[in-house]
Amino acid sequence: TTKITFLGTGGALPPAHHAQSGLILEKADRKLLVDCGSGVLLRLGEGGIDLGEISTILISHLHLDHVSEVLPIITARWLMGHIQPEVIGPNGIKNYLRIKLQLTT
């Protein structure tokens, strides 16, 4: 059985109190985070979801409302002592992350 938890369903301009795109898929002991729009990190905390249990992040496409919090989530995991999760997505995702990580150092 797979459990789906919607973290955010808002678009580029979400209504008040909504996060942008993000959801968690859980099966057995694996958690997959799909998209990381603005507000998703907060929703993970509110839902009691341990960032260390997220094994993979899947980015559907590179629009800002789907990727804006991928680096804060990776950074939060690092601060908690977890290794970087596997990040998969469309062509360009690895280069996108490399550039963003360079900008933060």
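Miscellaneous remarks
- Of the residues making up segment 51-79, those that are more than 13 Å from S21 (Cβ to Cβ) and open to solvent by less than 60 Å² (accessible area, probe 1.4 Å) are L51, G52, I54, S55, T56, L71, P72, I73, I74, A76, R77.
- I93 vs. criteria of a type in the set (V, I, T) and surrounded by 11 or more Cβ atoms within 10 Å (Cβ to Cβ): yes
- On inspection, H82 qualifies as at pLDDT below 95 and surrounded by 12 or more Cβ atoms within 10 Å (Cβ to Cβ).
- Residue within segment 65-74 that is of a type in the set (D, E) and in contact with a Ser or Thr (Cβ under 8 Å, 6 or more places away or on another chain) present: yes
The values are calculated or read from the model by the stated rules, or taken from the named source; none is laboratory data. Fair warning: this is a prediction, and the values are worked out from it, not measured in the lab. Neighbour counts run over all protein chains shown; Cβ positions are idealised from the backbone, glycine included. Side chains are part of the model used for accessible areas, which takes the heavy atoms of the whole protein and leaves out ligands, DNA and RNA. Shrake-Rupley method; radii C 1.70, N 1.55, O 1.52, S 1.80 Å.
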